Amino acid sequence: MPRGLFISFEGIDGVGKSTQVKLLAEYLGEAGREVTLTREPGGTELGDSIREILLHSKGHIDARAEALLYAADRAQHVALEIEPALAAGCDVITDRYLDSSVAYQGAGRELGHDEVRALSLFAVKGLLPNLTVLLDLSVDQAAARLAGTELDRLESEKAEFFEAVRQGFLSLAAAEPNRWLVLDASLPPAEIAAAIRTRVASLI
Ligand code: TYD
């Protein structure tokens, strides 16, 4: 049984990842492939509890505690969901994966790229996606898209935080161009979806 494809979507809050995740799942399904759709934080029962703490805790969460909680969520997610699905030949599409930690905790919280990446790689036993799609958008445009929605703990951060996170993603993509596809998230959704399909088709 050939392993499934592992694809992650990344970007700052408000760039439209969930729309593109769904469109890609539809495309792969129509191509006759088994697809598992998932997300971080969350994706497992333990992950849902960790997600609740991370996004809705009222008290302060120390940056290192935050990084460890995301890593714990990810370890459980890979062990219980992602790895078994890939081994069974299913494609796995995840809305966020370890690059979110490197960008948000490493760059945004200034814990350091190398430290946070090493922590995440430990959590996932080195499992990296075949493809990571970065939906890139200016901080102002992303904030405008979130306007009017109820903001969670992370979404309530200041513009400088998101600027650091955005730059963190862009430098990760520049360092590993074979794994990443960077797209302008201000383009029409259908155009973005078509670019993603073209890249994914080259992998299957
Ligand atoms: P997300 O599910 O994208 O939020 P929403 O459901 O509101 O669209 O992600 C939740 C938040 O967690 C988001 O602000 C990014 C943040 N995050 C990190 O800071 N580090 C991580 O490792 C991950 C996976 C997410």
In region 75-108, which residues are open to solvent by 50 Å² or more (accessible area, probe 1.4 Å) and more than 14 Å from residue 42 (Cβ to Cβ)? 79, 83, 84, 87, 88
Please find, within region 140-151, the residue that is least open to solvent (accessible area, probe 1.4 Å) out of those that are within 13 Å of the ligand (Cβ to nearest atom) and over 23 Å from residue 199 (Cβ atoms). 146
Residues located in region 43-69, provided they are open to solvent by less than 30 Å² (accessible area, probe 1.4 Å), part of a helix (DSSP H, G or I) and touching a residue at least 40 places away in the same chain (Cβ under 8 Å): 54, 55, 63, 66, 67
Residue among 154, 137, 172, 119 that alone is farther than 22 Å from residue 25 by Cα, modelled with pLDDT under 95 and either touching a His at 6+ places or on another chain (Cβ under 6 Å) or surrounded by 13 or more Cβ atoms within 10 Å (Cβ to Cβ) (or both): 154
Please enumerate the residues belonging to region 168-204 that are β-branched (Val, Ile, Thr), farther than 20 Å from residue 103 by Cβ and assigned to a helix (DSSP H, G or I). 198, 200
Here are 51, 39, 33: which of them is closer than 19 Å to residue 93 by Cβ, of a type in the set (Lys, Arg) and in contact with a Pro (Cβ under 8 Å, 6 or more places away or on another chain)? 51
Quick test of your reading of the structure: residue 127 fulfils all but one of (1) part of a helix (DSSP H, G or I); (2) within 23 Å of residue 69 (Cα to Cα); (3) among the hydrophobic types (A, V, I, L, M, F, W, C). Name the failing condition by number. (1)
Reported set for region 32-42 where residues are of a type outside the set (Ser, Thr, Tyr), more than 10 Å from the ligand (Cβ to nearest atom) and touching a residue at least 24 places away in the same chain (Cβ under 8 Å) is 33, 34, 35, 37
Looking at residue 165, is it within 15 Å of the ligand (Cβ to nearest atom), open to solvent by less than 50 Å² (accessible area, probe 1.4 Å), over 19 Å from residue 98 (Cα atoms) and in contact with a Phe, Trp or Tyr (Cβ under 8 Å, 6 or more places away or on another chain)? no
So is residue 8 open to solvent by 50 Å² or more (accessible area, probe 1.4 Å) and among the polar types (S, T, N, Q) or not? no
Return the total of residues in region 17-42 being open to solvent by 30 Å² or more (accessible area, probe 1.4 Å) and within 29 Å of residue 67 (Cα to Cα). 7
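Is it true that residue 149 is outside any helix (DSSP H, G or I) and within 17 Å of the chain's Cα centre (by Cα)?
Against the criterion (outside any helix (DSSP H, G or I) and within 17 Å of the chain's Cα centre (by Cα)), residue 149 does not qualify.
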Tell me which helices (runs of 4 or more DSSP H) are completely within region 79-123 and hold 2 or more residues being within 16 Å of the ligand (Cβ to nearest atom) and free of Cβ contacts under 8 Å to residues at least 12 places away in the same chain, or say none if there are none. 113-123
Would you pick out the residues in region 14-28 that are assigned to a loop (DSSP other than H, G, I, E, B) and in contact with a helix residue (DSSP H, G or I) (Cβ under 6 Å, 6 or more places away or on another chain)? 14, 15
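The values are calculated or read from the model by the stated rules, or taken from the named source; none is laboratory data. Keep in mind that this is a model prediction, so the values were computed, not measured. Because the Cβ atoms are built from the backbone with ideal geometry, glycine has one as well, and the counts that use them run over all protein chains shown. Keep in mind that these areas ignore ligands, DNA and RNA; they rest on the heavy atoms of the full protein, side chains included. Shrake-Rupley method; radii C 1.70, N 1.55, O 1.52, S 1.80 Å.
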